[in-house]
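Report on one structure; see the data block that follows.
The values are calculated or read from the model by the stated rules, or taken from the named source; none is laboratory data. Given the structure is predicted, the values throughout are model-derived calculations rather than measurements. FYI the Cβ positions are ideal-geometry reconstructions off the backbone, even for glycines, and counts take in every protein chain you see.
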Amino acid sequence: MKIRAGVLIKSDASAPYLTSRPLEILELDLEGPAEGELLIRIRAAGVCHSDLSVVNGTRPRPLPMALGHECAGVVLESRADDVNVGDHVVLTFVPRCSSCSACMSGRPALCKEAKRANGAGELLRGGHRLSRDGVPINHHLGVSAFADHAVVDRGSVVVVPKDIPFDVAALFGCAVLTGAGAIFNTARVQPGQTVAVWGLGGVGMAAVMAAGAAGAGEVIAIDPDAGKRELALQVGATTALPPEGFTRELFPDGVDVAIEAVGSSKVLATAFESTTPGGMTVSVGLPHPTELMSISPLQLVAESRTLAGSYLGSADPERDIPIMIDLWRAGRLPVEKLRSRDVPLDDINLAMDELAAGRVIRQLIIFD
């Protein structure tokens, strides 16, 4: 079948992004699903910094690639026994093979087969379902959500209740799963703890919400944008500060949990230094692969501080997305507040501009 998709042909880190238009809206050929795969009609897709990271080269990926990885839709064709035509689904950016050591030990976010497939721009079972004039087009993280339809592996899908609006459901696939998962799964925040979150994009704001839902005693939201700080106070933060406003003098005992959602090694070092002895720093952002940071190993040992990475929120999507949806229904994770504005697919580059400038939290492409 023919589909329309946002495709990155060439990455150019040297070009000023706000004056460039790197994504092209192209007509592609989409093959039908193979065994264990699904054809999805995409209804809503989020524009995430991980997409921008492919454009500017921070996350090198094989090109050309149809971008997008956070979305929700409806199943049009299923070749998986446990998913039916008409089911509503959230797509996640780490497909689960269910048979590697990571999946078998309850850590599907670290699925070894998914890492191979995502790095190669393929689906989990190998190969491409997208092409243009006979030339394969790479899949972004097994999803390629900036399109009206997608073929994905069963391991990329979580079936969700049909009463959840697609524009809300889409956010659970990345922003909420990653940010809230960092709080619930990686840091395991306990009632009364102090949590600081650097960076109030979709992931950071979801972490703020989750910290409040976890019963944190104080939630400090840190971002240079005043509008984002104001929203953070509405969704769970007790204090909101610009980066220069967070000083150790204000929090002399340090924080119990620090979440870095900026993607900066410098910010990560600041977050680590902010923690109290026995505290944990969770790295969620995606810095450029050449960035390095320096910390004292003595702080890890003598002060029992922990520095942890969190990919996909250390989540098991089949387990965690339903739990997070229940929290949303209860009003404890107001996910809809992450939504900054809606854009048509044809304006995807304008959406990337807004994201690069730091003016938005989550923009959604809505497909009729």
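Any residue at all in region 235-253 that's assigned by TED's automatic domain parsing to the domain that holds residue 306, closer than 21 Å to residue 303 by Cβ, part of a strand (DSSP E or B) and modelled with pLDDT of 95 or more?
There is no residue in region 235-253 that is assigned by TED's automatic domain parsing to the domain that holds residue 306, closer than 21 Å to residue 303 by Cβ, part of a strand (DSSP E or B) and modelled with pLDDT of 95 or more.
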Exercise for the section: Give just the number: which of (1) under 30 Å from residue 54 (Cα atoms); (2) surrounded by 22 or more Cβ atoms within 10 Å (Cβ to Cβ); (3) not acidic (Asp, Glu) does residue 224 not satisfy? Expected result: (2)
Practice task
Confirm whether residue 200 is modelled with pLDDT of 95 or more, touching a helix residue (DSSP H, G or I) at 6+ places or on another chain (Cβ under 7 Å), buried (at least 24 other Cβ atoms within 10 Å of the Cβ) and under 29 Å from residue 260 (Cα atoms).
Solution key: yes
Practice task
May I ask you to verify whether residue 163 is at pLDDT 95 or above and buried (at least 21 other Cβ atoms within 10 Å of the Cβ)?
Solution key: no
Practice task
Name every residue in region 41-79 that is surrounded by fewer than 24 Cβ atoms within 10 Å (Cβ to Cβ), β-branched (Val, Ile, Thr) and within 21 Å of residue 164 (Cα to Cα), in order of residue number.
Solution key: 74, 75
Exercise for the section: Could you tell me which residue of region 280-306 is surrounded by the fewest Cβ atoms within 10 Å (Cβ to Cβ), considering only residues that are over 15 Å from residue 260 (Cα atoms) and within 22 Å of the chain's Cα centre (by Cα)? Expected result: 290
Handout entry: Residue tally, condition in contact with a strand residue (DSSP E or B) (Cβ under 6 Å, 6 or more places away or on another chain) and of a type in the set (Asp, Glu), over region 36-59
Key = 1
Practice task
Could you tell me which of the residues 208, 219 is assigned to a strand (DSSP E or B) and farther than 27 Å from residue 119 by Cα?
Solution key: 219
Handout entry: Qualifying residues in region 261-279 (those that are touching a strand residue (DSSP E or B) at 6+ places or on another chain (Cβ under 6 Å) and closer than 13 Å to residue 307 by Cβ) - the one surrounded by the most Cβ atoms within 10 Å (Cβ to Cβ)
Key = 271
Completion exercise
Only one of 19, 58 is modelled with pLDDT under 95 and under 17 Å from the mean Cα position of the chain (by Cα), namely 58
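Considering region 318-342 alone, what residues qualify as being among the aliphatic types (A, V, I, L, M) and either surrounded by fewer than 20 Cβ atoms within 10 Å (Cβ to Cβ) or under 13 Å from residue 213 (Cα atoms) (or both)?
Let us first name the residues in region 318-342 that are among the aliphatic types (A, V, I, L, M), namely 321, 323-325, 327, 330, 333, 335, 338.
Of everything in region 318-342, those that are among the aliphatic types (A, V, I, L, M) and either surrounded by fewer than 20 Cβ atoms within 10 Å (Cβ to Cβ) or under 13 Å from residue 213 (Cα atoms) (or both) turn out to be 323, 324, 325, 327, 330, 333, 335.
Each row is one residue, and each column tells you yes or no for (1) touching a residue at least 60 places away in the same chain (Cβ under 8 Å); (2) assigned by TED's automatic domain parsing to the domain that holds residue 248; (3) closer than 29 Å to residue 36 by Cβ.
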residue: 120; (1), (2), (3): no, no, yes
residue: 129; (1), (2), (3): yes, no, yes
residue: 148; (1), (2), (3): yes, no, yes
residue: 164; (1), (2), (3): yes, no, yes
residue: 168; (1), (2), (3): yes, no, yes
residue: 210; (1), (2), (3): yes, yes, no
residue: 219; (1), (2), (3): no, yes, no
Fill in the blank from the handout: Conditions (1) modelled with pLDDT of 95 or more; (2) more than 20 Å from residue 70 (Cβ to Cβ) -> residue 295 fails only (1)
Problem - Failed criterion for residue 258 (all others in (1) among the small types (Gly, Ala, Ser); (2) buried (at least 18 other Cβ atoms within 10 Å of the Cβ); (3) under 23 Å from residue 59 (Cα atoms) hold) - result: (3)
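If you check 257, 158, which single one turns out to be under 30 Å from residue 37 (Cβ atoms), in a strand (DSSP E or B) and either among the hydrophobic types (A, V, I, L, M, F, W, C) or modelled with pLDDT under 95 (or both)?
Values: 257 fails: under 30 Å from residue 37 (Cβ atoms).
Matching residue, one of 257, 158: 158.
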Practice task
May I ask you to list pairs of residues, at least six apart or on different chains, whose Cβ atoms are under 8 Å apart, with the first in region 302-328 being without any contact (Cβ under 8 Å) to a residue 40 or more places away in the chain and the second being part of a helix (DSSP H, G or I) and aliphatic (A, V, I, L, M)?
Solution key: 306/300; 307/300
